[in-house]
Every structure is written in C-alpha cells, then in structure tokens.
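First the structure, in the form of structure tokens, and then the observations on it.
A short reminder: the numbers here are calculations on the coordinates, not readings from a lab. It should be emphasised that the depicted structure is a prediction, and the values quoted were computed from it without experimental measurement. No Cβ is skipped: glycine too gets one built from the backbone with ideal geometry, and neighbour counts run over all protein chains shown.
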There are 2 protein chains.
Amino acid sequence: MQISGHTRLIAHLGYPTESFKAPMIYNPWFADQSVDVKVVPMGVKPEDYAALIPTLFSLTNIAGALVTMPHKVATCELVDRMSPTAQIAGACNAIRREADGSLTGDMFDGDGFVRGIQRKGFRTTGARALVVGSGGVGSAIAASLASAGVSALTLVDAQESAARALADRLHAHYPQLTLTVMASDPAGHSLVVNATPLGMSPGDPLPLDVERLDAGTFVGEVVMKQEYTPLLQAAMARGCPVQRGTDMLFEMIPAYLDFFHLPVATPEQLQALAEIRY
Amino acid sequence: MQISGHTRLIAHLGYPTESFKAPMIYNPWFADQSVDVKVVPMGVKPEDYAALIPTLFSLTNIAGALVTMPHKVATCELVDRMSPTAQIAGACNAIRREADGSLTGDMFDGDGFVRGIQRKGFRTTGARALVVGSGGVGSAIAASLASAGVSALTLVDAQESAARALADRLHAHYPQLTLTVMASDPAGHSLVVNATPLGMSPGDPLPLDVERLDAGTFVGEVVMKQEYTPLLQAAMARGCPVQRGTDMLFEMIPAYLDFFHLPVATPEQLQALAEIRY
C-alpha cells in the first residue's frame, strides 16, 4: 500500500537509525491488512529529543511512536502517564496519543524478550539470570524476568549507579528476589542477556566473557544490527541455545499493535511477511 | 523500495493532508531510481507549525520538506534564506537543510504553473491574467507570470490587504506591468487562475463567475482534490482550455528534485510512474 495523504504515521525514534528493523516488519503487515499506517524511521540525537516529542505529537496524522535507543529512559519524563511495567523499567518504548491529546507511555521490550525465550523452551520459574546493561531495555527485561518468576538476578552496567538503581526498583516490587549487583561472570547462570549496545559497531568488545559461559546457558541478545551478533556466534559455538534481537522484536509486536489499536498479528504471521534487510 | 532504517525523509507539510498527491508522484520515481528517500505526509495545524520546523529539521534523516497550504507564507519567517522567487512570492513551498544546519526556502509553484500552460500552447508574453487568491500559491503564480512577460495582472483575494501587498511587491520588481486590484470579473482576460482553496470541499462556491468567462480563456487550477474541479468542469463546458492542479505539480517537480539534490525526472517520466488516488 503506497503512501498517500490518508496515511497515518508511527514514528520510529532512535539514533542511529541504520539498524532499525521495525519498518520492515510492521509495514508489510499493515499492507497485508489494508491498514493505511506506515512506520517511518526518524533519527533523533539525545539533545534534540525532548523538544521533538511535543511537536511530533502535534501532527494530525501521527498514530504513535516506537522508541528505541538512546531515548527509552528519557521518554518517561515526556509522557503524561506510564503503565506499571514502564514504571518499573524506568523506560518506555511506545508512546500513544490519547483522544484528549495527552501521551501514554508503555514498555514491551521485557515482555517480548521473556515470551520469546519461553516459547523456545526456556523455563523462567526459578532461573538465575545475568542481565548486562541496566538502561531502558535491560531494565525492562529484568522487570519482566522478575515478573516471570526468576529466583535470582545479577545486574551489571558500565554505570554502577544505573545497576544499583535498577536493583532498588526491583527489590521494592519483588522483595523475595535475590539481587546481585556488578558481578559480570556468566558462570552459574541459566540465562545471560546482552542489553547493551555492544555488537552494534564492528570491533565492539563482547559484552561478557564467553569463555565463562556454561554449555547449557541460554544467551539472549537485544542488538539487531546483524542477525547473529559476535556474542551469539560465540555462544552457539559453545553449544548454548540463543535468542536473536529480532526474535524479541517479533514477540513484542503483538503487544505494540494492541497498544496502538491496530490489527494484531501473531509473531508467525509477522515473520512470514517481514522483509528484513541487515 | 521498502522503508528501512536507511530511508531518508522528505516531509510533506500541510493541513489537511487528505488531498496530498506528492507522495504518489515522488515515491514511485524514487523507487524507480533506487533512491532510498520517501515523501511522507505530515499534517500540521497553523498554530503548531512554527514550533515544528526547528525540531523536524533536527531529525538526522530528514532530506527536506515540501510545504503546502496553509503554511507557505509562514515558512518565510522560519528559514534562514530564500531564493529571489520566494521573496517576491512572499511564500516558500520547499525547505532544504544545508550542511551547516541552516534552512533555505524556495518556491516552485509559480514556475510549475507557467511551464505547464506554456507547454499546453498558452503564450504568456503580452497576456492579460486574472489570479484569484493572493496567498502563497497565488503570489507565486503572479510572480512567475510577471517574469514570463504578461502585460497585465488582475489580483483579487478575500483579504483585500493581501491582494494590495502582492500588487506592491510585483510593482517594485515589474514597474511596467499593469496591475488591477480587487476586480474579479474574468471577462477580458486570456488567462484565469484559481489560486484559492475553493474546490477542496464539496459545496464550495466557485471561485469566480464562470458565466463571464470568454470562450477562449485559458483556465488554470491549483486545487488537486479532484482531477477536474467544478471550476474546470464549468470552464471545459464553455470550451475553455484548462490546466489541472496536478499538471502544475508535475511541472514543478523537476525543479524540486534539483533543489533537493535528487535525480531529476521529466514531467512525462513522473506521469508514467505516478499512481494517483483521488
């Protein structure tokens, strides 16, 4: 379905934009459903983001926004209300404009990640998980893992204060959860997650010491720049089951579509239609 | 060519957006040329426009903007420099961001209109023209007609001050031109132009008294909501040659493409590829 004056927009906000995959997943689905909506990439630098949001949502044909790095945390200050999930995560990856013009933020990264690993056979109840990166996506994944019943979470971030703040928010909601901060050794965890941008640029160091991965540890990734990042390749070489960044994306899209009041697809329907270029 | 994170945007700014045609003309050409650029409609109300422009041009993947009603005049105050054509017109329909971040405005409506009627055989030199509407597009057409050698211009607008201000700007640049203000009778003109929004909504009155049209008078239209507006239908019924709003659009696009440093098409190439929905 071609773009016309009737087309409504979902802004895909982040920076840089080159690794964006959502337009190539959502837009074929909208075309399949004859829904005149397009996901459109908009590159925004951090210093320009706060000023953009109110003006962007003054557009008469904007249906909402998908928010990705580096804006997920900053979005919290720019919306009028947030879901409980977004509050615990301290981050939003979706913005919807209500009929009265106010903005609602929500966060689907964590649920998408957890739904994906569960459908791949990973049992979250009682698991011990290491989440590397305590920014927006890492916080969301940690919150959803806690909600899904993991028994222990290890958190590490380049900024120790971010990891500690996340641990505090988790502790407030999940007092039974065993929390360890600033230990990056993957050994002894049944799940390890990269929730940092490491892997987006060639030559990035690996986000964790893959030599210390147990053979059965499930390794999940948020980076989608490549289908299999160097971390995932190293994990697979050790025999570890893995989840790609795009898997998480496909799993969260049904929740996004529902949030935007658009026709809801299953991950399988989306996979079948998507035309992803890496 | 599908939208991806590499896609650059040309914002099509106006309100309402439903009658926009540019996305359906530019985008097939960009696809044909394998140029990863999309024209995307963005509806902006007048009260939101001034705040939008600086934030919109902070996007890292914006290539420029097409500006249409009702923002052409307001754009002059929001750019850092304007072409001489835009200065005389007192209006811009294109914005380009330069390498240093500054904004340049230009105006192609008038040249597109004049090129179109000339290619249909209308001889502008010495012609007597009535331009109804002295807003952005009417001013641009009047300026381009003056530049193309018409001998007399009659200007009329619902706001008399707008017509008088346009006459003053034209007189300053074309002192030989015979200018008449606030006479709306089409009789005695070889060219009559509707440069008002009348014709966009069902039930709009005609912008001028078609009973007073001479049989040989050329009638041009800027409204593109329908292929043949009620004015054009009435003119054709009297045997008058006509130019549609979309004809003007096709004629100005080569100049726009050049302005944006994109591959330049002929109007015929654009016509052959375009998929216009009315």
(message) Explain nothing, just the number: relative contact order of chain A, from Cα pairs under 8 Å at least 6 residues apart, as a whole percent.
(response) 17 percent
(request) Rounded to the nearest 500, what is the 222 nm mean residue ellipticity of chain A from helices alone, with -39500 (n - 2.57) per DSSP H run of 4+ residues and division by all residues? (result) -10000 deg cm²/dmol
(message) If you take every residue apart from residue B:151 with its C-beta less than 13 Å away from the C-beta of residue B:151, what net charge results, scoring Lys and Arg +1 and Asp and Glu -1?
(response) +2
(message) 5 Å is the cut-off here: which amide hydrogens, built 1.01 Å from N in the peptide plane, fall below it relative to residue B:130, excluding neighbours closer than 5 in sequence?
(response) B:154, B:191, B:192, B:193
(message) Whole-Hz ³J(HN,Hα) for each residue in region B:95-104, computed from phi via Karplus 6.51 cos²θ - 1.76 cosθ + 1.60 with θ = phi - 60°, x for glycine and proline: what do you get?
(response) 10, 10, 8, 7, 4, 8, x, 6, 10, 10
(request) Tell me the label-point distance for the pair residue A:172, residue A:158, using the 7 Å Cα-to-Cβ offset, in nm and rounded to one decimal. (result) 2.7 nm
(request) Would you grab the residues whose amide H sits under 5 Å from the one on residue B:45? Only those 5+ places off in sequence or on another chain, please, with H modelled 1.01 Å from N. (result) A:60
(request) Would you work out the relative contact order for region B:1-84, in percent, from Cα pairs under 8 angstrom that are 6 or more residues apart? (result) 40 percent
(message) What distance in nm lies between label points placed 7 Å from Cα along the C-beta direction at residue B:34 and residue B:123?
(response) 4.8 nm
(message) Can you list the copy-to-copy distances for residue B:228, using a point 7 angstrom from Cα toward Cβ, in nanometres, shortest first?
(response) 6.3
(request) Between the alpha-carbon centers of region B:14-55 and region A:212-247, tell me the distance in whole angstrom. (result) 40 Å
(message) Below 17 Å, Cα to Cα, which lysines can residue A:45 reach? Residues fewer than 8 away in the same chain don't count.
(response) A:72
(message) Please report, for residue A:175, the nm distances (one decimal) from its label point, 7 Å out from Cα along the beta-carbon direction, to the equivalent points in the remaining copies, shortest first.
(response) 9.0
(message) Just to confirm the numbers: residue A:18, label point 7 angstrom along the Cα-Cβ line, distances to the other copies in nm, shortest first?
(response) 4.2
(request) Show the residues, 5+ positions off or on another chain, whose built amide H is closer than 5 Å to the amide H of residue A:39. (result) A:10, A:27
(request) Identify, for chain B, the residue whose C-beta comes nearest the rotation axis onto chain A, and round that distance to whole Å. (result) B:55, 2
(request) Just add up the charged neighbours of residue A:274: K/R +1, D/E -1, any other residue whose Cβ is under 14 Å from the Cβ of residue A:274. (result) -3
(request) Please get the size of the charge dipole for the protein assembly as shown, origin at its Cα centre, with Cβ charges of +1 on Lys and Arg and -1 on Asp and Glu, quoted in debye to the nearest 20. (result) 400 debye
(message) What are the ³J(HN,Hα) couplings of region B:156-166, residue after residue, when phi is run through the Karplus curve with 6.51, -1.76, 1.60 and θ = phi - 60°? Round to Hz, x for glycine and proline.
(response) 9, 8, 4, 9, 4, 4, 5, 5, 5, 5, 5
(request) Give a residue-ordered list of calculated ³J(HN,Hα) values for region B:13-26 (Karplus: 6.51 cos²θ - 1.76 cosθ + 1.60, θ = phi - 60°; whole Hz; x for Gly, Pro). (result) 9, x, 6, x, 9, 4, 8, 4, 10, 4, x, 7, 9, 5
(request) Grab every C-alpha pair in the protein assembly as shown, bin the distances at 20 angstrom width from 0 up to the longest one, and report whole percents. (result) 21, 43, 24, 11, 1
(message) Out of the trypsin sites (Lys or Arg not before Pro) in region B:225-278, which ones are loop residues according to DSSP with at most 15 other C-beta atoms within 10 Å?
(response) B:238, B:277
(request) Could you please tell me the mean projected area of the C-alpha convex hull for chain A, averaged over all directions and given in square nanometres to one decimal? (result) 13.9 nm²
(request) Please go through region B:1-102 and write out the GluC sites (Glu not before Pro) that DSSP classes as loop and that have at most 12 other C-beta atoms within 10 Å. (result) B:98
(message) What does DSSP give for the protein assembly as shown in terms of the percent of beta bridges that are antiparallel, rounded to the nearest 5?
(response) 15 percent
(request) Mind putting together the pair-distance distribution for region A:110-246? All Cα pairs, 5 Å bins, whole percent per bin, short to long. (result) 2, 11, 23, 26, 22, 11, 4, 1, 0
(message) Can you give me the angle between helix A:136-147 and the longest principal axis of chain A, using Cα atoms only, in degrees from 0 to 90, rounded to the nearest 10?
(response) 70 degrees
(request) Using label points projected 7 Å from each Cα along Cα→Cβ, tell me how many nm separate residue A:99 and residue A:214, to one decimal. (result) 5.3 nm
